[in-house]
């Protein structure tokens, strides 16, 4: 085994083995020593890429991370995609934060996201960003024929998340039950880089995102776990109950809002 020195000072190791009696000879050992620096450079490049992929997946999501790693880092470089948008928000968080210390607040948020995110990922959804005590996620699709299925995927993820969150009420580590509202709406969004010349955010913007956010506000006002738009209801094809028509900030007229019949 020989040490491999990375350019940042880290020390790793490389080893060879042989079945030959007596092991390697002096000439072979010298050859290994000679090629080890080259192996170190190649290994460091691979390690850096693996680290970059891990960091990007962790902080911006797999889809956005892949785009960034491929070089899509120019401001204004966006792509129009179709997706089902999921907007979620933790209820009563502001009041909770005023009554508890920072460690308890962070623990509550982490417990919330631990139950909310996995069901979304299991349905091939992608979390775009955490927005304080909420999140924005999307379920992309390429063909109109896929819309119904992706709506069902999003609804399944939302329902599974609500079931998991409800189970936190029996968790002795959580001092108060956690509830959240989830809104679902399909549409076309702009997915890409937005920001300043020195700082960018890889995110989704557009009317569909805004409408989902407004619907989540309605969910909170009505105390509903899951609400959906009329477009989502028609595409998903299941049984729904109309909750009425509501004026949504930034949108003309009133929009009818629905809840799954089993929600």
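The values are calculated or read from the model by the stated rules, or taken from the named source; none is laboratory data. Computed from a predicted model, the values in this text were never measured in an experiment. FYI the Cβ positions are ideal-geometry reconstructions off the backbone, even for glycines, and counts take in every protein chain you see.
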Mind listing whichever residues of segment 151-169 are in contact with a helix residue (DSSP H, G or I) (Cβ under 8 Å, 6 or more places away or on another chain), more than 20 Å from residue 233 (Cα to Cα) and surrounded by fewer than 19 Cβ atoms within 10 Å (Cβ to Cβ)?
164, 167, 168
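Does residue 137 fit the bill of being in contact with a helix residue (DSSP H, G or I) (Cβ under 7 Å, 6 or more places away or on another chain), within 27 Å of residue 199 (Cβ to Cβ), assigned to a strand (DSSP E or B) and in contact (Cβ under 8 Å) with a residue 24 or more places away in the chain?
Working: in contact with a helix residue (DSSP H, G or I) (Cβ under 7 Å, 6 or more places away or on another chain): yes; within 27 Å of residue 199 (Cβ to Cβ): yes; assigned to a strand (DSSP E or B): yes; in contact (Cβ under 8 Å) with a residue 24 or more places away in the chain: yes.
Considered against the rule, which asks whether it is in contact with a helix residue (DSSP H, G or I) (Cβ under 7 Å, 6 or more places away or on another chain), within 27 Å of residue 199 (Cβ to Cβ), assigned to a strand (DSSP E or B) and in contact (Cβ under 8 Å) with a residue 24 or more places away in the chain, residue 137 comes out as yes.
Look through 148, 92, 132 and report the one residue that is within 20 Å of residue 227 (Cα to Cα), surrounded by fewer than 18 Cβ atoms within 10 Å (Cβ to Cβ) and at pLDDT below 90.
On the way: 148 fails: at pLDDT below 90; 132 fails: within 20 Å of residue 227 (Cα to Cα).
Result: 92 is the single residue among 148, 92, 132 that is within 20 Å of residue 227 (Cα to Cα), surrounded by fewer than 18 Cβ atoms within 10 Å (Cβ to Cβ) and at pLDDT below 90.
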Scanning segment 14-53 residue by residue, those touching a strand residue (DSSP E or B) at 6+ places or on another chain (Cβ under 9 Å) and loosely packed, with under 10 Cβ neighbours inside 10 Å turn out to be 15
Looking at 237, 253, 223 in this structure, which one is in the same structural domain as residue 160 (by TED's automatic domain parsing), on the phi > 0 side of the Ramachandran plot and touching a helix residue (DSSP H, G or I) at 6+ places or on another chain (Cβ under 9 Å)?
237
Over segment 244-257, the set of residues farther than 17 Å from residue 213 by Cβ and modelled with pLDDT of 95 or more is 244, 245, 256
